[in-house]
Each structure stands twice: as structure tokens, then as C-alpha cells.
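Peer 1: Have a look at this one before I ask anything.
The values are calculated or read from the model by the stated rules, or taken from the named source; none is laboratory data. All of these numbers come straight from a predicted model, not from anything done at the bench. Ideal geometry is used to build each Cβ from the backbone, glycine not excepted, and the neighbour counts take in all protein chains shown. Side chains included, ligands, DNA and RNA excluded: accessible areas come from the protein's heavy atoms. Shrake-Rupley method; radii C 1.70, N 1.55, O 1.52, S 1.80 Å.
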Amino acid sequence: MQSSAQLQPAPPAPSGRTVPSMAVLTGPERIEALKAVCPDVQDLSQMAAPDVVMRHGGGLILIEQGMPGWDQLLLLIAVERPSTAVIVVSDQLPAHMVRALMKLEAWDVLAVSADAGDVMETAARLTDARTEAKGGPADSVCWAFRGAVGGAGVSTLAIESAFALARLVGPGKVCLVDLNLADGMTASFLEAVPKLDLQALSAAPERLDARLLAAWCWQHENGVSIIASPRNPEADAMASEAAILRLLDVACAAFPYVILDMPRHMMPWTKSVMAAVDQAVIVSELTVPSLHAAADMCRDVDVLRGECSKARLVLNRMFQKKQFRAGFPVDQAEKAIERKIDVTVTSDWDAARTAVNLGKPIANVKPKSALVLDVDGMVRKFAPDGMIENSQTTRSTKKARS
């Protein structure tokens, strides 16, 4: 271990390249040095290895040899999430650890004497290499939609968000997962085939891989993959936390964008999922009971997510201005619940009803619907900076070459 003098905050990498976030298992001195050059440094020292893989697998992780659990974490990443970019700080790495690193898509080893600038330079290079190899974003993006009250239109918003994303980033990149296992409506809304074998998944979660996941996906003509299970009143009791987390882990490794339609009622796996996703979206309506329920749920989710981004609050089924009726203005609602309302989505009952009856997304039925435009704006707002633009640039480049 180096002295604190050697690990003082360093200037940015000579090239000026940086990465927005990094998860690290290293000493406190190095963490402080990295915080000076990286906007978001997340300390992994208090997390168990499986939790790290679940929350940060597929991203960028720095591991220092000698830290408690470092070897277990590296081996688990190599097996469970080889898409993760890993930087190991070590002067003499054991051979079996080198073999583990070789299973990863992107990795490097830095000497113990490396400073924060060296780490950021390497991190940026690995990130660029993964992006170039995949032709798009290196990390998957997972959003969970959950209703604060029943009948808030969560399934509709999850479906429309998935198809809005597909229109922006291209077909084959978006997966919509219906986690309302007992009585989900996603398959019915889209006339999809529910192919998820929940019994097989729960019996042996570790057997799920990309090939089996593909067999459980139903592909919509618009390019969105749907994962849903047949209706089964026993499904909620059948699904274990390990099964659901494995399903989402493999889905996020297979698709750059994953949208979750979550049940409102609490499941054994709800807290783990809401804590791990990139965006936790709470859906409500503009009524006093709904607002209070939404504020309470947002606060609960914020506690689960810790230092991650806070829950997003979306008000659905808003009246159009020309149909305005007496009720809370949005700014008054925000004051009442002491919470920012991130997005409002305009109601279009006729278009939604027609779309459901035809088994199509609303945008296919009424492209200029205010609801469609609001969802498109929400997707653009919630997406990481530059991710959609990068995807569109990649699509344009491929079209030009073809």
C-alpha cells in the first residue's frame, strides 16, 4: 500500500480524457484522489460481491489487489458479467487472476504506483474500446416503471417508452420485461406471445444465458423484444429473487436498453430491482391521494438507492389545456408533496383504447398524439447524456456504408 503522500489528488489525465463514473474497491486515499478527477466515484468496500455484480456489472470497476474480497469479486465478474470493464491495481497479479481477466471484454492492469490521472486515462481508453467494438453505448440502460396507485397507466407508459426508445436507437436494441408475473397485460396490449418459462427460471436461475433468453423473447415488428410470462395466479409465489435478478442481469447484458413494467405491490425482489436500475420511475395521477402515495413511494425508493439517482416522479393522464378542469396545478402539487414532478404525460384515452384493441403501440395508431410526444420527451430527458445521439450517429454511419 502506498503512503498517503503518493496518493494525493492528481491532475486530470494528460490527454484530458475522463469518464463520468466509476465503481471502486480500493483504499480511502486512492478514492479521495479519484474523486478529484471523476464526477462520480462509488465505494464498493461495504458491498458483497454478488451485489456489486448486480448493481455495477457491465460498467467500469477499479479493483485493488489486497482489498478484502477483491479476488472473489474479480472471479465473479469474469463468470457473471464479462461485459464489465475492469482495471486491476497490482504489482504482481496471480496467474489465475490473469486468466479471469482474459475472459472480460475490456481490462487492464496498472502498477500500484499509478496515480488518479493514470487510472482515468486507462478508464477512458477501455470505455472507448468497448464503445467502438459494440458500435454503440458500452453500458446497458435499465429503467423501472412502478405505479404509486393502481390504474395509473404504468403498463402503457412502459410500453410507449420502449417503443419510443426503439424509434430513436433502432430495432433490436430495446427489451421490454413485464414483471407483473401473475396478471401482466403487456402481452395482451401488444398481441405478443408470453414465452417466459418462469418455472424453469426459478428452478435453476444459473442456467439462464443469452441463448435461452433469446428463446423466451417475442419480437415485435417495430423491433422491440418482449419478455412476459403466461398469466398464472401462482406466479408471484414461484418467482424467487435470485431468478428475477438473473433474468434482468442477462437481459441487460443482451440489450443496450431494458424497460421494466413493475408491479405496484411489494415482491421479495422489488427492493433489489428498484435499487439497481438506472432510473426508478414512479407513476401517479394528479389527485391528492395519488400524490401523497407517490411522494411516500419516492422517499422509500430514494432510501434504497442511496447515492444513486433519485426516483423520478411522472404524472400520467393529465388533461390537455383545452380540456382543463379544476384541480391542482403542477407547481402547487410540488409544494404540497415537497417533491419535484419530473414529467407530465397528457391523457389520450381514445388513442390508447384504439391501440390496445388493435394490439399496437399508440404511436402506430396516432403518431401526433400529445401522449406520444410527451413520452418521447420523457425518454429523451431520462436517457444518459449523449447516449441517444451516439446511437443515432452509429445508425447513420452504418446506413452510409451499406
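Peer 1: Name the pairs whose Cβ atoms lie under 7 Å apart, with the first residue in the range 96-112 and over 13 Å from Glu64 (Cα atoms), the second open to solvent by 30 Å² or more (accessible area, probe 1.4 Å) and in a strand (DSSP E or B), and 6 or more positions between them or separate chains?
Peer 2: Every condition considered, the pairs that remain are Leu101/Trp107.
Peer 1: So if I check each of Ser284, Ser309, which one is closer than 23 Å to Glu160 by Cβ, surrounded by fewer than 20 Cβ atoms within 10 Å (Cβ to Cβ) and among the small types (Gly, Ala, Ser)?
Peer 2: Just one listed residue meets the conditions, Ser309.
Peer 1: Next question. Among the listed residues Lys381, Lys366, which satisfies the condition of being modelled with pLDDT of 95 or more and open to solvent by 70 Å² or more (accessible area, probe 1.4 Å)?
Peer 2: Lys366
Peer 1: Can you tell me which residue among Gln42, Gln6, Gln2 is modelled with pLDDT of 65 or more and either out of contact with any Cys (no Cβ under 9 Å at 6 or more places or on another chain) or open to solvent by less than 60 Å² (accessible area, probe 1.4 Å) (or both)?
Peer 2: Gln42
Peer 1: Within the range 100-126, restricting attention to residues that are of a type in the set (Gly, Ala, Ser) and touching a strand residue (DSSP E or B) at 6+ places or on another chain (Cβ under 8 Å), which residue is surrounded by the most Cβ atoms within 10 Å (Cβ to Cβ)?
Peer 2: Across the range 100-126, the extreme among qualifying residues is Ala123.
Peer 1: Is there any pair linking a residue in the range 250-278 that is farther than 24 Å from Phe163 by Cα and modelled with pLDDT under 95 to one that is open to solvent by 10 Å² or more (accessible area, probe 1.4 Å) and part of a loop (DSSP other than H, G, I, E, B), with Cβ under 8 Å and at least six apart or on different chains, and which?
Peer 2: Pro268/Ser240; Trp269/Ser240; Ala275/Gly306; Ala275/Cys308
Peer 1: Looking only at residues in the range 342-357 that are of a type in the set (S, T, N, Q) and within 19 Å of Leu315 (Cα to Cα), which one is most open to solvent (accessible area, probe 1.4 Å)?
Peer 2: For the range 342-357, the residue satisfying everything is Thr344.
Peer 1: Could you figure out which of (1) buried (at least 17 other Cβ atoms within 10 Å of the Cβ); (2) in a helix (DSSP H, G or I) isn't true of Ala129?
Peer 2: Unmet for Ala129, out of (1) buried (at least 17 other Cβ atoms within 10 Å of the Cβ); (2) in a helix (DSSP H, G or I): (1).
Peer 1: Restrict the check to the range 103-120 and report whether at least one residue is at pLDDT below 90, of a type in the set (Ser, Thr, Tyr) and over 30 Å from Asn232 (Cα atoms).
Peer 2: For the range 103-120, residues at pLDDT below 90, of a type in the set (Ser, Thr, Tyr) and over 30 Å from Asn232 (Cα atoms): absent.
Peer 1: If you don't mind, there's one more thing I want to ask. Working only within the range 256-276, note down all residues that are open to solvent by 10 Å² or more (accessible area, probe 1.4 Å), farther than 20 Å from Met185 by Cα and of a type in the set (A, V, I, L, M, F, W, C).
Peer 2: Ala275, Ala276
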